[in-house]
Number of protein chains: 2
Amino acid sequence: MSLLVVGSVAIDSVEAPGGRADDVVGGAALYFSLAASFFTPVRMVGVVGADFPRPVLDDLRRRGVDLTGLEEQSGRTFRWSGRYHEDVNVRDTLHLDLGVFADFRPTLPESYRDSRYVFLANIDPLLQASVLEQLRAPEVVGCDTMNHWIAESRPALERLLERVHLLVINDEEARLLSRERNIVRSAARILEMGPRAVLIKRGEYGIIQFAGQSVFAVPAFPLEEVTDPTGAGDCFAGGFMGELARSGDASPAGLRRAIVYGSVMGSFVVEDFGPRRLLQLTREDIDRRYRQFVALTQIG
Amino acid sequence: MSLLVVGSVAIDSVEAPGGRADDVVGGAALYFSLAASFFTPVRMVGVVGADFPRPVLDDLRRRGVDLTGLEEQSGRTFRWSGRYHEDVNVRDTLHLDLGVFADFRPTLPESYRDSRYVFLANIDPLLQASVLEQLRAPEVVGCDTMNHWIAESRPALERLLERVHLLVINDEEARLLSRERNIVRSAARILEMGPRAVLIKRGEYGIIQFAGQSVFAVPAFPLEEVTDPTGAGDCFAGGFMGELARSGDASPAGLRRAIVYGSVMGSFVVEDFGPRRLLQLTREDIDRRYRQFVALTQIG
């Protein structure tokens, strides 16, 4: 089943515990698409400038990512540069240039409008809502957001959440959105806003999902070294939504398996700068690490 | 199988998110013993002053805790008062009075010297070693420590760790002990020091165990409210060692089950001030929450 993603495509420069890398491709939609492409065909909506390396787009197409919805404009691609602390859960933005992303208004090609699995990566909630309005019959809608929109666009975000099934956010965002510090109460409050499940990303501690009365927690994969944390959350979302779209199984067990596949993808991407590790990955690598996740968490 | 524990017995006053409580009994050996007593007979070594409430000791005896090794002295019991932050992983010590604990030199009654399961709660590593020297044939030795001993008594602690099988510490202590920030490298370094397994407590994120090449992670139980975090780590250790001593099964699977029982006990004690919740607990409550842990972590 095709999976639609809408979000940023970027060129990043990062200083991270593993060193530094300049001008690597990134952005939520790119990381998401690469991760999801191991599971299902992907349709991407985003915008790049004239400086974006075209071979990367060719590679995405070879991987089954439909780029009909990717606008190519004459300006500069969204650029971000940042520095991670030794504690990789903390990062500083050194420089930000929205470029052509500043005026991004997602427009879905006709061929995308039948998409039933959808992921709205972190952009203005009004734009996220506009994507839903262009879809004929979205069935499973996942969504990310960030502190900025929670603080500055709460009414629009709350309206959007009524139409979202799966919210994927980090713990700080969950607290801000729910105005509750305790994670259980925070999740309960968020579920009242609309989503059927909320997946809370806890960095090196993994993911905890609240869905109705069911709670599922999976640790992050213990790695000897995190080279570059950029994209971990987006690859989680890509693996998670990709596996859901592939299996069509949104039962509690299906959601749990998808969460583990998401965790697998998030654990790989941080092993090298930018999306490099994903580009070398095989399906066999993914399934081996899935089994390692089972071994990591299996009681008795 | 009887389980020996050596450590502090205290009278605590705490300010916590759930309110405040003055003069509640506590201390690592007391929390450990209460938790472990649901699984196996316990032998306690410690010291209390004339101010320690005797009915608490009578209750411990009724629960199968042998207090032959508990010295009752004429001075004041070890007293601690502290304040937890809204983030309950952070606490300030407001007042500390070692009382009779200042000169504590653990002396094992003859009837304790055949103990095969032993837990050395957080005290001076020289005293922890002196306990091992008084035992005829300890088989499974667990140990806790704290920042102070790692910083101030490293040589004694490193000698002790050569004789310890299971080290139970928190993540900050693991980093300090190993001089490694990354948890995987930190655990590898600690295993080189002697223990067969290191169990790292991560507060609200649960426990991660490294044993040889095997890694096992279990989340903390998601609670709507943490009333008083005091004793969570000691109750974890009590449930863990108690179940190990009961089952006699230190296989990888046996260790994992014991870790979950430890997590169960840690999750209960924080639901009320001091050890109150443990005093109301039934074996049925414990087994119900064990099953909830399985449901919380089971993939697919």
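Residues being within 10 Å of chain A (Cβ to nearest Cβ) and either of a type in the set (Ser, Thr, Tyr) or assigned to a helix (DSSP H, G or I) (or both): count how many of those fall in segment B:212-244.
Residues meeting the conditions: 1.
Could you list, in sequence order, all residues of segment A:273-300 that are within 14 Å of chain B (Cβ to nearest Cβ) and touching a residue at least 24 places away in the same chain (Cβ under 8 Å)?
Start the filter on segment A:273-300 by keeping residues that are within 14 Å of chain B (Cβ to nearest Cβ), which leaves A:287, A:289-300.
Hits for segment A:273-300 are A:289, A:290, A:292, A:293, A:294, A:296, A:297.
Take the conditions in contact with a Pro (Cβ under 8 Å, 6 or more places away or on another chain) and among the hydrophobic types (A, V, I, L, M, F, W, C) and apply them to residue B:161. Does it pass?
The answer is yes for residue B:161.
Can you confirm whether segment B:277-284 contains a residue that is part of a loop (DSSP other than H, G, I, E, B) and either of a type in the set (Ser, Thr, Tyr) or touching a Leu at 6+ places or on another chain (Cβ under 8 Å) (or both)?
The answer is yes, given that some residue of segment B:277-284 is part of a loop (DSSP other than H, G, I, E, B) and either of a type in the set (Ser, Thr, Tyr) or touching a Leu at 6+ places or on another chain (Cβ under 8 Å) (or both).
In this structure, does residue A:25 turn out to be open to solvent by less than 60 Å² (accessible area, probe 1.4 Å), in contact with a helix residue (DSSP H, G or I) (Cβ under 9 Å, 6 or more places away or on another chain), farther than 23 Å from residue A:276 by Cβ and not basic (Lys, Arg)?
Numbers: open to solvent by less than 60 Å² (accessible area, probe 1.4 Å): yes; in contact with a helix residue (DSSP H, G or I) (Cβ under 9 Å, 6 or more places away or on another chain): yes; farther than 23 Å from residue A:276 by Cβ: no; not basic (Lys, Arg): yes.
Here the answer is no, as residue A:25 does not meet what is asked.
Where in segment B:28-90 are there strands (runs of 3 or more DSSP E), lying fully within it, with 2 or more residues that are open to solvent by less than 20 Å² (accessible area, probe 1.4 Å), in contact (Cβ under 8 Å) with a residue 40 or more places away in the chain and away from every other protein chain (no Cβ under 14 Å)?
Strands (runs of 3 or more DSSP E) meeting the threshold: B:42-48, B:65-72.
Residue-wise test of (1) of a type in the set (Lys, Arg); (2) at positive phi; (3) at pLDDT below 95.
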| residue | (1), (2), (3) |
| --- | --- |
| B:4 | no, no, no |
| B:18 | no, no, yes |
| B:23 | no, yes, no |
| B:28 | no, no, no |
| B:34 | no, no, no |
| B:49 | no, no, no |
| B:62 | yes, no, no |
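Condition first: surrounded by 24 or more Cβ atoms within 10 Å (Cβ to Cβ), in contact (Cβ under 8 Å) with a residue 24 or more places away in the chain and closer than 26 Å to residue B:88 by Cα. Can you find one or more residues in segment B:243-258 that meet it?
No, because not a single residue in segment B:243-258 is surrounded by 24 or more Cβ atoms within 10 Å (Cβ to Cβ), in contact (Cβ under 8 Å) with a residue 24 or more places away in the chain and closer than 26 Å to residue B:88 by Cα.
Restricting attention to segment A:228-272, which residues are among the basic types (Lys, Arg) and out of contact with any Gly (no Cβ under 9 Å at 6 or more places or on another chain)?
A:246
Name the single residue that is surrounded by the fewest Cβ atoms within 10 Å (Cβ to Cβ) among those in segment B:262-272 being touching a Leu at 6+ places or on another chain (Cβ under 9 Å) and either in a loop (DSSP other than H, G, I, E, B) or within 14 Å of chain A (Cβ to nearest Cβ) (or both).
That would be B:272.
Can you list the helices (runs of 4 or more DSSP H) found entirely within segment A:95-211 that contain at least 3 residues being more than 14 Å from every other protein chain (Cβ to nearest Cβ) and open to solvent by less than 20 Å² (accessible area, probe 1.4 Å)?
A:125-133, A:154-161
The values are calculated or read from the model by the stated rules, or taken from the named source; none is laboratory data. As the structure is a computational prediction, the values presented were derived from the model and not from experiment. All Cβ positions, glycine included, derive from the backbone under ideal geometry; neighbour counts span all protein chains shown. For accessibility, only protein heavy atoms count, side chains too; no ligands or nucleic acids. Shrake-Rupley method; radii C 1.70, N 1.55, O 1.52, S 1.80 Å.
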